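These notes concern the structure reproduced below.
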Number of protein chains: 2
Amino acid sequence: MANEEQFRRVDPAKLERLVTGIYAGLGVPPDDAALLAKALVDADLRGVHSHGCRYVSTYTRGIREGRTNVHPEIRTIRDDGPICLLDGDGGLGHILAVRAMQVAIGKAKEHGVGVVSLRNSQHIGALAYYSQMAADAGCLGYVTTNAGIVMIPPGGREKVVGLNPLSWAAPTPRPWTFNLDMATSVVAGSKLNMAAERGEKIPLGWAVDPDGNPTDDPRLGMQGGLLPLGGPKGYGLSVMLDIMAGVLSGGRFGKGLGSKGSAQFFQAIDIEHFMPLSEFKDRMEQLIEQIKSSALAPGSPGIFFPGELEYNLKQERLAHGVPLDAFVRSELKREAEAAGLSYDIEV
Amino acid sequence: MANEEQFRRVDPAKLERLVTGIYAGLGVPPDDAALLAKALVDADLRGVHSHGCRYVSTYTRGIREGRTNVHPEIRTIRDDGPICLLDGDGGLGHILAVRAMQVAIGKAKEHGVGVVSLRNSQHIGALAYYSQMAADAGCLGYVTTNAGIVMIPPGGREKVVGLNPLSWAAPTPRPWTFNLDMATSVVAGSKLNMAAERGEKIPLGWAVDPDGNPTDDPRLGMQGGLLPLGGPKGYGLSVMLDIMAGVLSGGRFGKGLGSKGSAQFFQAIDIEHFMPLSEFKDRMEQLIEQIKSSALAPGSPGIFFPGELEYNLKQERLAHGVPLDAFVRSELKREAEAAGLSYDIEV
């Protein structure tokens, strides 16, 4: 019962229009507002609620408080064959990231590989959205960003490492795209936020309290810090991703070093520069079939690939609506009211 | 006492000469034999015994049994600006990998980024050796390979996923290089082999037995299969690395699909194409200092970076010798005898 109260389904097209309207009302150019709304709703459709419309009011706050530039002049600092360095001028992260990945894909089509470093950017939401663009264009897509400093390094007890995620995507002949999007912590920080909002506990092993002890309280865990995936491995990966995104770009890196905001790294590798795309997809199908047809664990519903369950969820939700929780719905209502828009999106 | 019997220190220079002689005696060109010996001894010096001289007899067996081509004709299948596709003609993996990374670095210096896909290769040992080459040349280095099929996918109970590792390296102003080299399983398979050779148990959570149950017996774990790091994350990473190394190269991928041997992917990004290397190193120093100076956990000896402890170990071992265990020493004695060489390497 609590669960039914908690979640209600909304119409994804209406949701996208509402979110577009909210940002357009704050002065975001209509095309940019539509793009941001599309990316946020896509995350909810794919079940990645941690990076979906629960961020709407975070970004509106950034605009209202002047931290986000809704009319950025994106500057090309370096542009040399397959590589490019962009300065995002503090714009909305999603808009900058789409632009950067478009540049990477264009370079990959011309040179075989495209690398784009982006600084003075902000939060770009779910990385899968951008790696997917590359896969849709027949490329291997890769993206990483530096993120909030909420992780504890092995041997430490202070939050000094970013929760830096990465995403890799590859085309398949299946309806879904191979798309891995993962944080380098045991879980993404947003999962602690959501648990806190819903009054739920978290499993031990996700986070520690401020004294460094294991905790099942998401609020204490947010105060203390998140644990890296597999200890030194997740820690090492996370620092490397900050080196790629933050250190290399000339933007913000580490805990407030260098600059403000976030920085990202985008890469596309054009498959046709190595083999015909159809041959690549045939090979992907062989790999998928081999793994899927292997013996299942007792009670297992099957073996799935990164991006597959997200795709399946998206199809179901396009048909039947996206469940949004009470917190997100109330934030959207508040934003709709502020923008003078009707909140009439529930199915 | 058992431990002293188990390990004895050997002189690294003598060890390198012995290993060079063993391979030269099997028809490997002297320069290639020296390079292979250098890479294997480097792994032992850095404490990565799982990929050091314990592999000497694995590779000699490959040569004697005709699976390894000691005079490969490396073919350039595609060479287009920053990208390159090489066919290794079944040569020794280390030799091919060094060549491939040299090509990637050359392309990075010219174009900003270099990507080299290598097929018909074999086991290349510790990846850190190649990513280090790129970092030494002022680049971000990246390398991945597909590997033995010993991992269980989430939801499955059959070994159908490779234990595919990755390495990323970046220059620092410190004596050590940032160098992350990690398998996508909870631990590398060689750690189970070593535990079995030494008659030791393994922690629960590393592997499952053939029925899919947790086990602390390394032999049962090798039969059953290794578990991926963080479940879906390690599994997704591992499959992606096979897509980059195996599927994209046109070589072997999955469990015996496509071709034989192994396939790899090498990438170098030239830092000077983004900013002066000295500026990059300054930024790295700030990042290192920030993390190292953060609060320590009770009893912690400090916070370390990937590659740092390996560098420290190497300095100590260059001075005092490399400890090799009884299994590796007996294999080396056997190989020395077969090659008509003196085994006189212990300090």
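The values are calculated or read from the model by the stated rules, or taken from the named source; none is laboratory data. If you're wondering where the values come from, they're calculated on a predicted model, not measured in any experiment. Positions of Cβ are backbone-derived with ideal geometry, glycine not excepted, and every protein chain shown enters the neighbour counts.
Miscellaneous remarks
- Residues located in region A:135-157, provided they are within 7 Å of another protein chain (Cβ to nearest Cβ) and assigned to a strand (DSSP E or B): A:LEU140, A:GLY156
- Those residues of region A:97-110 which are touching a residue at least 60 places away in the same chain (Cβ under 8 Å) and either under 17 Å from A:GLN132 (Cβ atoms) or surrounded by fewer than 24 Cβ atoms within 10 Å (Cβ to Cβ) (or both), in sequence order: A:ALA97, A:VAL98, A:ALA100, A:MET101, A:VAL103, A:ALA104, A:ILE105, A:ALA108, A:LYS109
- Residue in region B:121-133 that is within 11 Å of chain A (Cβ to nearest Cβ) and part of a loop (DSSP other than H, G, I, E, B) present: no
- All positions within region B:223-245 that are more than 7 Å from chain A (Cβ to nearest Cβ) and over 18 Å from B:PRO153 (Cα atoms): B:ALA245
- Given (1) within 28 Å of A:ASP136 (Cβ to Cβ); (2) surrounded by fewer than 13 Cβ atoms within 10 Å (Cβ to Cβ); (3) within 14 Å of chain B (Cβ to nearest Cβ), number of the condition A:GLU310 does not satisfy: (2)
- Residue match in region B:158-165 (condition: in a helix (DSSP H, G or I) and modelled with pLDDT under 95): no
- Qualifying residue in region B:291-298 (condition: more than 7 Å from every other protein chain (Cβ to nearest Cβ) and either within 14 Å of B:LEU163 (Cα to Cα) or assigned to a helix (DSSP H, G or I) (or both)): yes
- Looking at A:PRO210, A:PRO276, A:PRO214, just one residue is more than 29 Å from B:HIS273 (Cβ to Cβ) and at pLDDT 95 or above, and that residue is A:PRO276.
- Qualifying residue in region B:249-267 (condition: among the small types (Gly, Ala, Ser), more than 10 Å from chain A (Cβ to nearest Cβ) and surrounded by fewer than 19 Cβ atoms within 10 Å (Cβ to Cβ)): yes
- A:PRO203 meets all of the listed conditions (1) surrounded by fewer than 22 Cβ atoms within 10 Å (Cβ to Cβ); (2) over 30 Å from B:PHE274 (Cβ atoms); (3) in contact (Cβ under 8 Å) with a residue 40 or more places away in the chain but one, namely (3).
- Number of the exception - B:GLY236 against (1) among the small types (Gly, Ala, Ser); (2) assigned to a helix (DSSP H, G or I); (3) in contact (Cβ under 8 Å) with a residue 40 or more places away in the chain; (4) surrounded by 24 or more Cβ atoms within 10 Å (Cβ to Cβ): (3)
- Region B:334-347 residues that are outside any helix (DSSP H, G or I) and at pLDDT 95 or above, paired with ones that are loosely packed, with under 13 Cβ neighbours inside 10 Å and of a type in the set (Asp, Glu) (beta carbon under 9 Å, 6 or more apart): B:TYR343/B:GLU337
- Residues that are aliphatic (A, V, I, L, M) and either free of Cβ contacts under 8 Å to residues at least 60 places away in the same chain or in a helix (DSSP H, G or I) (or both), drawn from region B:312-333: B:LEU313, B:LEU318, B:ALA319, B:ALA326, B:VAL328, B:LEU332
- Any hit, region B:169-182, residues being more than 18 Å from B:LEU309 (Cα to Cα) and within 14 Å of another protein chain (Cβ to nearest Cβ): no
- For region B:206-225, the candidate set comprises residues that are in contact with a strand residue (DSSP E or B) (Cβ under 8 Å, 6 or more places away or on another chain) and touching a residue at least 40 places away in the same chain (Cβ under 8 Å); within that set, the residue that is surrounded by the most Cβ atoms within 10 Å (Cβ to Cβ) is B:GLY225.
- Sole residue being in contact with an Asp or Glu (Cβ under 6 Å, 6 or more places away or on another chain) and either over 26 Å from B:MET133 (Cβ atoms) or outside any loop (DSSP other than H, G, I, E, B) (or both), chosen from B:LEU220, B:LEU309: B:LEU220
- In region A:175-187, the count of residues that are among the charged types (D, E, K, R) and crowded, with 18+ Cβ neighbours inside 10 Å is one or more.
- B:ASN179 vs. criteria of a type in the set (S, T, N, Q) and part of a strand (DSSP E or B): yes
- Failed item, numbered, when A:TYR343 is tested on (1) surrounded by fewer than 23 Cβ atoms within 10 Å (Cβ to Cβ); (2) at the interface with chain B (Cβ under 10 Å from one of its Cβ atoms); (3) among the hydroxyl-bearing types (Ser, Thr, Tyr): (2)
- Of all residue pairs spaced 6 or more apart or on separate chains, those with beta-carbon atoms under 6 Å, a first member in region A:271-283 that is closer than 12 Å to B:GLY250 by Cα and a second member that is surrounded by fewer than 14 Cβ atoms within 10 Å (Cβ to Cβ) are A:LYS281/A:PRO173.
- Restricting B:LEU220, B:LEU192 to residues that are aliphatic (A, V, I, L, M), over 23 Å from the mean Cα position of the chain (by Cα), on the phi < 0 side of the Ramachandran plot and away from every other protein chain (no Cβ under 14 Å) narrows the list to B:LEU220.
- When A:ALA108, A:ALA24 are checked against the criterion of being of a type outside the set (Asp, Glu) and within 14 Å of chain B (Cβ to nearest Cβ), a single residue qualifies: A:ALA108.
- Hits in region A:195-210 (condition: within 11 Å of chain B (Cβ to nearest Cβ), on the phi < 0 side of the Ramachandran plot and either assigned to a loop (DSSP other than H, G, I, E, B) or within 14 Å of the chain's Cα centre (by Cα) (or both)): A:PRO210
- Filtered residue count, region A:313-334, keeping only those that are touching a Leu at 6+ places or on another chain (Cβ under 8 Å) and buried (at least 18 other Cβ atoms within 10 Å of the Cβ): 5
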